[in-house]
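Notes follow the structure.
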Amino acid sequence: MANSSRGSRDTSGGGDGGCCCCQLLCSLVQLVISLGLVVLIWWLIFHPRLPRASVQEAQLMSFSLADNSTALRFNLTVGLALRNPNKRVGIYYDSLVVAALYHGVVLQTAALPTFYQRHKNTTAFRPEFGGKATDAGSVAVFFGKEKSELMDYNFEVKLRARMRMKVWFIKIGHFNPVFDCKVRIPVPQDGGMSATFGISECDR
């Protein structure tokens, strides 16, 4: 009789444990659903949008082949602008890295300052790229063609961001947009070393 009683109690205890696990799982599912609804409502009310980037200007002070046409010497300044289009959403930029490229060859990268951007705000940057990019022999033919035919130099500026959005005291993130900016700078026709470029919106 004693053994039968212990067996009955053991079976009952196992059932309670299974019930507790089921309740815990149900609670977790309800929590996830509740959080999802909160995020959805937040999104519908505030309709947050990612920032927009543009190249406001670019100035090419020098650009030439070096080391038997296997490297590129360059001096390029780019005026970038980041626009927060949201009415009630602020943006924390935790990381900003910009790179200058020529026909896919990376010339140089630079880190931009991190900051908090208020709603409906535009922030300007002016990164400078200068030096010599080695292993650029693959683009020597493009450089020669664009220079000899007085075409545009086809640069590209890539901006990689790591950011969070803020509404009141709530922070949502992380987001990792990449902005691709085409920069076509006219080849100087008067033998000068400086060429300028106008405003261009960046793709995302």
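Before moving on, here are some points about what is shown:
- For Arg126, Arg164, the ranking by accessible surface with the largest value first comes to Arg126, Arg164, using a 1.4 Å probe.
- Accessible area of His174 in the full protein assembly, 1.4 Å probe (Å², nearest 10): 80 Å²
- Inter-label distance for His103 and Thr77, nm, one decimal - labels placed 7 Å from Cα along Cα-to-Cβ: 2.7 nm
- Other-chain or far-sequence residues with amide H under 5 Å of Ile172's (modelled H): Met165, Lys166, Val167
- Partner lysines for Lys132 [C-alpha distance under 30 Å; skip if fewer than 8 residues away on the same chain]: Lys145, Lys147, Lys158, Lys182
- For Lys87, the accessible surface of its heavy atoms amounts to roughly 150 Å² (probe 1.4 Å, protein chains only, rounded to the nearest 10).
- Taking amide H as placed 1.01 Å from N in the peptide plane, the amide H of Phe197 sits under 5 Å from that of Ala58, each at least 5 places away or on another chain.
- Along its principal axes, the range 136-202 has C-alpha extents of 56, 26, 15 angstrom, given from the largest down.
- Shape of the range 66-204, Cα gyration tensor, a/c cut at 1.5: prolate
- Relative contact order (%) - criterion: Cα under 8 Å, at least six apart; region: the range 44-190: 25 percent
- Accessible area ranking (1.4 Å probe, heavy atoms, ligands and nucleic acids excluded), largest first, for Phe175, Phe155: Phe175, Phe155.
- Residues of type lysines that Lys120 reaches as a straight line, Cα spacing below 18 Å, ignoring anything fewer than 8 places off in the same chain: Lys87, Lys166, Lys171
- Largest accessible area first, the residues Tyr153, Tyr92 order themselves as Tyr92, Tyr153 under a 1.4 Å probe with ligands, DNA and RNA left out.
- Cys21 accessible area, assembled protein chains, probe 1.4 Å, Å²: 90 Å²
The values are calculated or read from the model by the stated rules, or taken from the named source; none is laboratory data. Fair warning: this is a prediction, and the values are worked out from it, not measured in the lab. When we count neighbours, we look across all protein chains shown, and the Cβ atoms used for this are built from the backbone with ideal geometry, even at glycine. Calculation scope for accessible area: heavy atoms of the full protein, side chains included, ligands and nucleic acids excluded. Shrake-Rupley method; radii C 1.70, N 1.55, O 1.52, S 1.80 Å.
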